[in-house]
1. Ordering E214, E196 by accessible area with a probe of 1.4 Å, largest first, what comes out?
2. Can you find, among A328, L267, L248, the residue farthest towards the positive end of the dipole of segment 221-330? Put +1 on the C-beta of Lys and Arg, -1 on that of Asp and Glu.
3. Show I101, I288 ordered by accessible area, largest first, where the area counts protein heavy atoms only and the probe is 1.4 Å.
4. For segment 188-332, what is the per residue volume of the convex hull drawn over the alpha-carbon atoms, in cubic angstrom?
5. How much length is gained if the chain between R225 and A108 is pulled fully straight, taking 0.36 nm per residue apart and subtracting their Cα-Cα distance, in nm to one decimal?
6. What number comes out for the charge environment of W307, summing +1 per Lys or Arg and -1 per Asp or Glu over other residues with Cβ under 12 Å away?
7. For segment 221-330, calculate the relative contact order in percent as a whole number, restricting contacts to Cα pairs under 8 Å that are 6 or more residues apart.
8. Mind checking the dipole of segment 221-330: about its Cα centre, +1 per Lys or Arg Cβ, -1 per Asp or Glu Cβ, Debye to the nearest 20?
Amino acid sequence: MPHNAFDGQALGRSVHDHYLDDVPASAPRRGRRSPAHRDGDDPVFAVDSEPDRPPAGDRWSSWDGATHGPTPRPDWVVTDLGAVDEDLGVLKTGKEADVHIVRRWVPAPDDPVGTDGPDPSHGSPHDDRSVLLAAKRYRPATNRLFHRDAGYLEGRRVRKSRENRAMATRTAFGKQVISGLWAFAEFETLSTLWKEGLPVPYPVQMDGREMLMELVGADGQAAPRLAQCRPDRGVLPDLFEQLREAMLRLAELGWAHGDLSPHNVLLDDAGGTPRLVLIDWPQVVDVIGNPHGPEFLERDARVMCEWFTRRGFEVDHGVLFGDLMAAATARW
């Protein structure tokens with residue numbers, strides 16, 4: 001049986017232990033080793049009364065202490081503890097989370113942090129000194145909208161019965177647990193799908209309620225969502241085949257995206273050939289374990305097929321759904 005991202009054993013420590021920290025991800029961290037002394041014999045820790053934040057950036061790199069993405073990592077991932085993170089602004093706002101663009105760079109020796117920012121010669125994305133990342137920051141439990149979580153959470157369990165009861169009754173604590181499940185589920189899912197070769201952004205790290213991941217696009221520009229695009233009809237058959245292959249591979253793992261639409265698919269042409277990248281995975285559904293799984297899978301197929309049909313490439317969502325169900329149930 002494929003790994004289930006929502007199995008209690010996969011969670012390790014409880015969701016409460018991992019993700020109920022209400023300290024903002026950008027807040028100064030106490031007891032953190034200073035980058036200037038990261039390799040010394042006598043590490044120096046930040047003083048509680050002074051912010052551990054470089055003036056030229058919003059913070060030191062949050063790599064240290066975070067949960068990291070799968071290996072082998074892409075060569076553009078910056079892991080140096082002396083790196084600096086700078087928030088460049090909001091890319092997208094949503095009901096459960098906001099996405100910001102974050103620049104992570106390693107200051108050059110002749111361009112110390114605290115002067116005028118990074119040396120432009122080290123500023124191109126995805127070189128070995130600087131990279132642009134998408135930072136998905138999940139809202140605290142009190143500020144999130146749980147209008148549609150009941151159906152998605154069917155089949156998801158955590159190890160502690162108290163947490164399961166709280167989730168079922170939607171107490172304040174239960175909403176915190178649910179909030180943790182959403183965040184943890186997306187990071188775990190992206191890690192699994194990346195290792196399986198599916199077209200998803202690489203998940204760089206998870207730290208509190210913030211997930212840093214690959215910024216899909218080129219030249220500092222995020223790739224547009226499929227809903228914003230009007231691709232030529234000639235490329236639609238290839239794009240649909242990309243979508244079909246991705247959904248089939250996902251179904252073979254026993255999963256459905258759960259909320260797939262042209263708004264959750266990026267059209268990336270950075271490599272010269274348009275490719276689809278699937279995003280927004282916190283609600284991923286176990287097709288068999290969730291009693292509503294087939295319904296979510298059918299909806300994913302129908303919504304995407306309708307988009308292609310409206311653009312001039314007619315496809316039958318019933319045929320696609322049948323293929324997906326066959327793939328999801330073949331392992332049984």
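1. The most accessible residue leads, giving E196, E214.
2. Result: L267, furthest along the dipole toward the positive end.
3. I288, I101
4. Looking at segment 188-332, the number lands at 114 Å³ per residue.
5. Between R225 and A108, full extension yields an extra 38.6 nm.
6. Charge balance in the 12 Å sphere: +2.
7. Answer for segment 221-330 is 32 percent.
8. With only Lys, Arg, Asp and Glu charged at Cβ, the dipole is about 280 debye.
The values are calculated or read from the model by the stated rules, or taken from the named source; none is laboratory data. Quick caveat, the model's predicted, so the values are computed rather than measured. As a convention, Cβ positions derive from the backbone with ideal geometry for all residues, glycine included, and neighbour counts pool all protein chains shown. Side chains are part of the model used for accessible areas, which takes the heavy atoms of the whole protein and leaves out ligands, DNA and RNA. Shrake-Rupley method; radii C 1.70, N 1.55, O 1.52, S 1.80 Å.
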